[in-house]
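Structure first, commentary second.
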Amino acid sequence: MKQEKFATKWGFVLAAAGSAIGLGNVWRFPYLVGQHGGFAFIFIYILMVAFICMPLMIAEISVGRLSRSNMIDAYKSINQRSGAKHSSVWTFFAGWLGALGIVMITSFYFLVAGWVIYYLVQALTGSLMQSSSREIEQVFTGLTQSFTQQAFYALLFLCVTAMVVLGGVKKGIERVSLILMPLLFLIFIVLAIQSLMLPGAEKGFDFLFKADWGAIGFTSNGFDIHQFAKVCLAALGQAFISLSLGFGTLLVYGSYMSEKENIFKSVGNIAVCDTLVGILSAMIIIPAIFSAGLEPSSGPGLTFISLPIVFGTINGGYFWGIVFYLLLILATITSTISLFECIVNLFISKFYQSRPLATLSASLLCGTGLTLVTLSFSGVVDIRILGRDLFTFFDWLTSTFISAIVSFTVALFVGYQAIKPMQCSILRGTTKRPFLMRYLFITLRIIAPVALGILLSIAAYDQILKPISIKFMIYYEHIIRFILG
Ligand code: PHE
């Protein structure tokens, strides 16, 4: 089967940046910044991106480009090329787990994407901005409890995404990214300037750019390592989701990348754009929230409850509201395209389906996933795992565990097993090769696996073992009390 490729030099970078920039930046990043003390969180986030995520992105993209294979068979293909003995551990933990992660993310991502269309419709009719704060809260609660409305908008988003992906890599994904990404940047900058000019926005600006080190554990009573680890974990999980790292998306786009492209430069461009957009989104949302006298730490509702309140109070709120939700739709669609393409790519190359058939199969799979998530989230059917509804469970599992385990495996694979056969392809088009190799060696062999290992263990202890053991202790106490009468 002939492998599809991006046609232009900017094709890969814009498509991968399009994948990276999405709800993660505009919806998730600002509320995490709000919850974890502003600048201190941004600082930790940048460190995570530079020393852990960028080398991992280079690794994942180069596995795709060298193997020109799908996210599951890529590891085997590279080992076969170099004559190394293949172990299915790589395929399982990097390939299959990534594929599972992609299906989970897609299922809840389309749900949130659907909310954005709903909000755009509300903004267009003007009904959202005219409501009182209480009504706006009720709109959000009402939406999240309605299965039909959520399923309708999510399926609509799925259909539009499927149509673009049906067009293929060059005519669909690349063309859409080339137009949307520059447009997106422009709207982001206009909105950020508009938000910073609001009365009282300085307080938000201060919150964003004055560090509160106490929030990350450096308090006057000493260093709180638990708090520090918690923030690092949140920042790392966010960086993975935001950069589309650890799910095979970069591997798939890497397999469409031209042989001539410099991977280091491309990764630098993607990471800088993605981080800038995250910070710009926070600069749009947080000063506006302060200006309206609201709390920045209100969590996931920031974009869907607090922001409409802001639009309702500012001059020209009707217009800016529409621009904002339109922007959010544009950012979201380039991400859903990449998620969906990953699944389509798998059906094409693993199950030998044609692109139209693969698009249909992926639509059925994602449609089923998002219906289950919507049923569980809206409370219509009581589906719960570990006490969480499916939306919360998938978000938690993918951002905390799956992306980290996949990336941990890819770091070990490229760092220890395949660095020799991959070296030439990774370094293509670069200068300062010894320096870059040293950077990769240190980050992929030591920094990334050690950091991921520690953070994963803490997360597993805090979020799985501890709650289970507490539950166990409670049962144990009940039994003892029962026996003792
Ligand atoms: N990076 C996207 C965002 O920030 C989400 C995403 C994750 C897309 C994984 C593809 C793969 O919204």
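Charge dipole (Cα centre; +1 on Lys/Arg Cβ, -1 on Asp/Glu Cβ; no other charges) of the stretch 252-377 amounts to roughly 220 debye. Each other residue within a Cβ distance under 12 Å of T249 adds +1 if Lys or Arg and -1 if Asp or Glu, for a net charge of -2. Phi angles across the stretch 200-214 convert, under the Karplus curve 6.51 cos²θ - 1.76 cosθ + 1.60 with θ = phi - 60°, into 3J(HN,Hα) values of x, 6, 4, 4, x, 5, 4, 4, 6, 10, 10, 7, 10, 5, x Hz, Gly and Pro given as x.
Fewest neighbouring Cβ atoms within 10 Å first, the residues D462, D382 line up as D382, D462.
Inter-part distance, the stretch 278-339 to the stretch 418-469, computed on C-alpha centroids, equals 34 Å. Taking amide hydrogens as placed 1.01 Å from N in the peptide plane, the amide H of I314 sits under 5 Å from that of no residue at least 5 positions away in sequence or on another chain. Of the two radii for the stretch 168-286, the radius of gyration is 1.07 times the Kirkwood radius, both from the alpha carbons; that is the Rg over Rh value. Across the stretch 160-287, Cα pairs under 8 Å and at least six residues apart give a relative contact order of 40 percent. Taking each DSSP H run with n ≥ 4 as -39500 (n - 2.57) and averaging over every residue of the chain yields -22500 deg cm²/dmol at 222 nm. Within the shell defined by Cβ-Cβ distances under 14 Å, the residues around K203 carry a net charge of -3, with Lys and Arg each +1 and Asp and Glu each -1. Shown in residue order for the stretch 416-422 are the 3J(HN,Hα) couplings computed by the Karplus curve 6.51 cos²θ - 1.76 cosθ + 1.60 at θ = phi - 60°: 10, 8, 10, 4, 5, x, 8 Hz (x for Gly and Pro).
A simple count of charges around F39, restricted to other residues whose Cβ falls under 14 Å of its Cβ and scoring Lys, Arg +1 and Asp, Glu -1, yields 0. Summarised in one figure, the compactness ratio Rg/Rh of the chain, Cα atoms and Kirkwood Rh, is 0.97. Taking 1.002 mPa s as the viscosity and 20 °C as the temperature, the Stokes-Einstein diffusion coefficient of the stretch 1-123 based on its alpha-carbon Kirkwood radius rounds to 122 µm²/s. Under 16 Å from the Cα of K466, which lysines turn up, not counting those fewer than eight places away in the same chain? Output for K466: K230. Shape class of the stretch 414-470 from the Cα gyration tensor (axes a ≥ b ≥ c, square roots of the eigenvalues): prolate, since a/c reaches 1.5 or more and a/b is larger than b/c. Distances between every pair of Cα atoms in the stretch 52-147, grouped in 10 Å steps from 0 to the bin holding the largest one, split as 13, 29, 18, 14, 17, 8, 1 percent. Only alpha carbons enter this Debye calculation for the stretch 248-376, each as an equal point scatterer, and the log10 of I(q)/I(0) it gives at q = 0.10, 0.13, 0.15, 0.21 Å⁻¹ is -0.53, -0.81, -0.95, -1.18.
With the cut-off at 27 Å, report for the stretch 72-214 the share of all Cα pairs above it, as a whole percent. So the pairs more than 27 Å apart make up 54 percent of the total in the stretch 72-214.
Coordinate-derived values only; no laboratory data. In this text, all values refer to a predicted model and were calculated from it rather than measured experimentally. Note that each Cβ is placed from the backbone with ideal geometry, even for glycine, and that neighbours are counted across all protein chains shown.
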